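The block underneath contains the structure these notes are about, expressed in structure tokens.
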Amino acid sequence: MFILSCAIFQAFPVSSSNNYGGLFPELYQISCPQANEIVMSVLEEAISKDPRMAASLLRLHFHDCFVQSGGPYWEVPLGRRDSKTANFNKANVNIPAPNSTIQNLINLFNKQGLNEQDLVALSGGHTIGMARCVSFKQRLYNQKGDNLPDVTLEKTYYNGLKSICPTSGGDNNISPLDVASPIRFDNTYFKLLLWGKGLLNSDEVLLTGNVKKTKELVKSYAENEAIFFRHFAKSMVKMGNINPLTELKGEIRNSCRRIN
Ligand SMILES: *[C@@H]1O[C@H](CO)[C@@H](O)[C@H](O)[C@H]1NC(C)=O
């Protein structure tokens, strides 16, 4: 789906003084004024065919790319180019594990220049998408190496999860990260955390991890969707500006699956 956009954007982007580490929203204003519409229409088509695509793209952004549609809206600084290398191990080393503790999460985000607010706001991306059983199994059966479940899991939710994710096998079975509204971009994810219905350990600990700041943010996003949307948009831009490759660095892949 990116083939279309990647090829078109090969055109000469305008250069400008940098706002966001070399990225800026008007990059294609002259070379490809219809760039935004092209991207949005391709995305809308893909997401209408398969709602999971929205979550996959959001996840992709964490691994190095862009865009999102529905719910919050913001202007995306453009010009983030593709890497000339691809490294499976590197791609995963800075991604928080699903069983991360609150301190793991804060440390990983800090390393990328992101703070607690970015952590909680971006975790709200789990308002859509699914996770595999292997990512939450530990919580159901052996949270602390004691063969007991995570006590913070709400009882009926826990029983439902056990049927999706048995003690052995079923590792690829999937469950929604936001069980109440799995394909709607809203603040339900945070309400679920308050009810003990966060799917991953790395979700629930935002509330239960005994860090005042993250706990308070979960509560305020659960109460006020507008604040969540505003912070989410801000943090998405901030994340998109992490170590970008711009201008002559990197390349624009003809096929996003491989280097040119
Ligand atoms: C998370 O899971 C990994 C792999 O199963 C394990 O090695 C690690 O100890 C777990 N971390 C925590 C905090 O439970």
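Brief remarks on what is shown
- Considering the range 99-154, and only residues there that are on the phi > 0 side of the Ramachandran plot and more than 11 Å from the ligand (Cβ to nearest atom), the residue that is surrounded by the most Cβ atoms within 10 Å (Cβ to Cβ) turns out to be GLY129.
- Taken residue by residue, the range 248-257 has at least one member that is free of Cβ contacts under 8 Å to residues at least 24 places away in the same chain and more than 22 Å from ALA55 (Cα to Cα).
- Residue match in the range 80-90 (condition: charged (D, E, K, R), without any contact (Cβ under 8 Å) to a residue 12 or more places away in the chain, under 30 Å from ARG253 (Cβ atoms) and in a helix (DSSP H, G or I)): yes
- Close pairs (9 angstrom Cβ cut-off, 6 or more residues apart or separate chains): without any contact (Cβ under 8 Å) to a residue 12 or more places away in the chain in the range 116-141, open to solvent by 10 Å² or more (accessible area, probe 1.4 Å) anywhere: none
- The residues in the range 182-203 that are of a type in the set (S, T, N, Q), out of contact with any Leu (no Cβ under 9 Å at 6 or more places or on another chain) and closer than 19 Å to PHE232 by Cα can be counted, and the count is 2.
- For THR246, the conditions (1) of a type in the set (S, T, N, Q); (2) closer than 20 Å to ASN187 by Cα; (3) open to solvent by less than 30 Å² (accessible area, probe 1.4 Å) all hold with the exception of (2).
- Some residue of the range 151-170 being within 17 Å of THR101 (Cα to Cα), touching a helix residue (DSSP H, G or I) at 6+ places or on another chain (Cβ under 8 Å) and not in a helix (DSSP H, G or I): yes
- Against the numbered list (1) among the charged types (D, E, K, R); (2) surrounded by 14 or more Cβ atoms within 10 Å (Cβ to Cβ); (3) closer than 19 Å to VAL120 by Cβ, GLU216 comes up short only at (2).
- Test: residue in the range 166-185 that is touching a Lys or Arg at 6+ places or on another chain (Cβ under 6 Å), more than 16 Å from the ligand (Cβ to nearest atom) and open to solvent by less than 50 Å² (accessible area, probe 1.4 Å): no
- Search result, residues across the range 37-59 that are open to solvent by 60 Å² or more (accessible area, probe 1.4 Å) and either more than 23 Å from LEU122 (Cβ to Cβ) or of a type in the set (Asp, Glu) (or both): GLU37, SER41, GLU44, GLU45, SER48, LYS49, ASP50
- Per-region count, the range 203-260, residues of a type in the set (Gly, Ala, Ser) and under 21 Å from LYS111 (Cα atoms): 4
- Within the range 86-98, the set of residues being more than 14 Å from the ligand (Cβ to nearest atom) and surrounded by 12 or more Cβ atoms within 10 Å (Cβ to Cβ) comprises ALA86, ALA91, ASN94.
The values are calculated or read from the model by the stated rules, or taken from the named source; none is laboratory data. Predicted model, so just to flag it, every value in this text is computed and none were measured. Virtual Cβ from ideal backbone geometry, glycine too; neighbours counted across all protein chains shown. Side chains included, ligands, DNA and RNA excluded: accessible areas come from the protein's heavy atoms. Shrake-Rupley method; radii C 1.70, N 1.55, O 1.52, S 1.80 Å.
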